[in-house]
Amino acid sequence: MISLRSIIFNGMDATPIDVQVQLSTGLAKPEFNIIGLADRAVKESAERIRNVLSALNMSLPPKRLTVNLSPADVEKTGSHFDLPILCGILCAIGVLPESELSKYVIIGEVGLNGAILKTDGVLPTSVWANQNNLGIICPGDQGTEARWAGHTNILAPFHVLELINHFKGTQILPVPETATITDTVRSNLDMAEVRGQHAAKRALEIAAAGGHAMLMIGPPGAGKTMLASRLPTILPEMSPAEILETSIIYSIAGQLNGKSLITTRPFRSVHHTSSAVSLAGGGADARPGEISLAHNGVLFLDELPEFSRATLEILRQPMEAGKIMIARAKRTATYPARFQLIAAMNPCPCGHLGNAALSCSRAPRCAEAYQNKISGPLLDRIDLHVDVDAVNPWEMNSADSTPVETSAQIRARVVAARERQIARQGIPNAQLDGTALDTVATLSGELTEFLNTAAQQMGMSARGYNRIRRIARTIADLRGATNIEMSDLAEALSYRPINRGKYGVK
Ligand SMILES: Nc1ncnc2c1ncn2[C@@H]1O[C@H](COP(=O)(O)OP(=O)(O)OP(=O)(O)O)[C@@H](O)[C@H]1O
Ligand SMILES: [Mg+2]
């Protein structure tokens, strides 16, 4: 019996799969079966492989050919088992040497003419292979992706014949080239394009520095979408570990362009008609959703109250845990989902609540219904709540004498503040909780008293109380200070939830 190795991912967890091929005698014509909890895509392998063999002028011997994918209790999905099964058969009929192929993890889809086609999950497979001292055989187009895992034991043939020739010694496959990490492509957007909005820009800077979730609320055309889409231009760079982790998620989702890793923080703008599955992940093959694709980056939800309430409620658990569990038929798949939520909304359906000249006759009752679409627990998880008022058109045109700060200038302060956080506690302030928060955000007796009084007056929840301390910590970090001072705390208290702010409806 031939035994080769492939792999399957359940969420981010790899399960090695033994691809066993058995030829048994006693039949007049060939028979081909795949067993071991295989889904339809895997069962279809048999048909594709039969065609490939005839394209290669090889035919199956008149024997019973059984392919078993083991362990049998793990569901096998996807078409990447084509290549390991084909290799197993080629070993069984003596075309490929099993002793050599068993040193590799093999994945790839095979086209009818024998071409080896792209498949999902090459990067995490390569990482797993490296950790387990194995090589990897993957599609030619994805050799570079496999190289990112940091080893060179990679065979990346474009066609089955190349693989056969490699082991015959007639045509040695080269080690795939590494692509140099292209300098982080920065977008051509810049904060300097946003006129006025000093308060909103300041809040965005705090959000960027500490990784805090933020909700912007204001009338139409105030620049909320404009501000949010410029957040990536002031965020700190990703660390190598973050780059690898985020790229692995994209690889599993089949969204990694083979030529480069994800080196800029993801910015996922999700439309309000999106389904719960596209946001959270799931489906037959338990794919990662937008919140996982936004891991280590930004999840932007524009027009927040337009999302269905059920869809929004999904965010609650991952916002706390930093990961999402997706239920599947027999097991659950877990993906990382540590994203920075940035949301924007109008205060009411017409958008002009609070503006006597423009607001409609249904204010403020319509606003109440509108704002109530977002649950209290979700609002409670958003650290910064910011009013974005409309800019006066004349302010936009005036040749303002005060120079507008560019994204690069703001980013320098953000990076310095983030570095302080990482050096002190290893994580951004937004992730601080419990004792970790107590140790790094200590308040003097006077400040504690001040915050306690404010909390009492505002009817703050325990989570709200900690939220203020986290933001105060980030504001102090932006000043480069070790201790939190009154000004930090007072500013933190100004980013209050909407039901207490200017547009508050009772
Ligand atoms: N502060 C500003 N500086 C420069 N241009 C601005 C500013 N605010 C708005 N604009 C202009 O108005 C346009 C609309 O802004 P934007 O889409 O960000 O508004 P919004 O607050 O998201 O509105 P809505 O609530 O309708 O979604 C921008 O594309 C930009 O051209
Ligand atoms: Mg908008």
Positions within region 119-137 being part of a strand (DSSP E or B) and either out of contact with any strand residue (DSSP E or B) (no Cβ under 7 Å at 6 or more places or on another chain) or surrounded by 24 or more Cβ atoms within 10 Å (Cβ to Cβ) (or both), in sequence order: 136, 137
Flag if residue 416 is closer than 14 Å to residue 205 by Cα, modelled with pLDDT of 95 or more, over 25 Å from the mean Cα position of the chain (by Cα) and not charged (D, E, K, R): no
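Determine which member of the set 269, 274, 292, 260 is more than 9 Å from the chain's Cα centre (by Cα) and either closer than 17 Å to residue 332 by Cα or within 16 Å of ligand 1 (Cβ to nearest atom) (or both). It would help to see each step written out before you state the result.
Numbers: 274 fails: either closer than 17 Å to residue 332 by Cα or within 16 Å of ligand 1 (Cβ to nearest atom) (or both); 292 fails: more than 9 Å from the chain's Cα centre (by Cα); 260 fails: either closer than 17 Å to residue 332 by Cα or within 16 Å of ligand 1 (Cβ to nearest atom) (or both).
So the residue among 269, 274, 292, 260 that is more than 9 Å from the chain's Cα centre (by Cα) and either closer than 17 Å to residue 332 by Cα or within 16 Å of ligand 1 (Cβ to nearest atom) (or both) is 269.
From the list 83, 117, pick out the single residue that is among the aliphatic types (A, V, I, L, M) and either within 18 Å of residue 60 (Cα to Cα) or at pLDDT below 90 (or both). It would help to see each step written out before you state the result.
Numbers: 117 fails: either within 18 Å of residue 60 (Cα to Cα) or at pLDDT below 90 (or both).
Result of the check over 83, 117: 83.
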Select from region 196-222 the residues that are over 26 Å from the mean Cα position of the chain (by Cα) and assigned to a loop (DSSP other than H, G, I, E, B) and write down the one among them that is farthest from ligand 2 (Cβ to nearest atom). 196
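Given the criterion modelled with pLDDT under 90 and away from ligand 1 (no atom under 16 Å from the Cβ), identify the matching residue among 160, 185. Before you say what the answer is, go through the steps one by one.
Numbers: 160 fails: modelled with pLDDT under 90.
Going through 160, 185 in turn, the sole match is 185.
How many residues does region 223-238 hold that are in a loop (DSSP other than H, G, I, E, B) and either within 16 Å of ligand 1 (Cβ to nearest atom) or among the polar types (S, T, N, Q) (or both)?
So in region 223-238, the residues in a loop (DSSP other than H, G, I, E, B) come out as 223, 230, 235-238.
Still in the list and also either within 16 Å of ligand 1 (Cβ to nearest atom) or among the polar types (S, T, N, Q) (or both): 223, 230.
Within region 223-238, residues that are in a loop (DSSP other than H, G, I, E, B) and either within 16 Å of ligand 1 (Cβ to nearest atom) or among the polar types (S, T, N, Q) (or both) number 2.
Might you let me know whether region 474-486 holds any residue that is charged (D, E, K, R), crowded, with 19+ Cβ neighbours inside 10 Å and assigned to a helix (DSSP H, G or I)? Show your work before the answer.
Pass one, region 474-486, residues charged (D, E, K, R): 477, 479, 485.
Add one more test, that the residue is crowded, with 19+ Cβ neighbours inside 10 Å, and what stays is 477.
Filter again for assigned to a helix (DSSP H, G or I), leaving 477.
Yes: region 474-486 contains one or more residues that are charged (D, E, K, R), crowded, with 19+ Cβ neighbours inside 10 Å and assigned to a helix (DSSP H, G or I).
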Which of the residues spanning region 69-118 are outside any helix (DSSP H, G or I), among the acidic types (Asp, Glu) and touching a helix residue (DSSP H, G or I) at 6+ places or on another chain (Cβ under 6 Å)? 109
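I need the full set of residues from region 223-238 which are within 16 Å of ligand 2 (Cβ to nearest atom) and in contact (Cβ under 8 Å) with a residue 40 or more places away in the chain, in order please. Don't jump to the end; show me each part of the working.
From region 223-238, those within 16 Å of ligand 2 (Cβ to nearest atom) are 223-231; that's our starting set.
223, 224, 225, 227, 228, 229, 230, 231, listed by residue number.
The values are calculated or read from the model by the stated rules, or taken from the named source; none is laboratory data. The structure presented is a predicted model; accordingly, all values stated were derived computationally and were not measured. Using ideal geometry, Cβ is built from the backbone for each residue, glycine included, and neighbour counts are taken over all protein chains shown.
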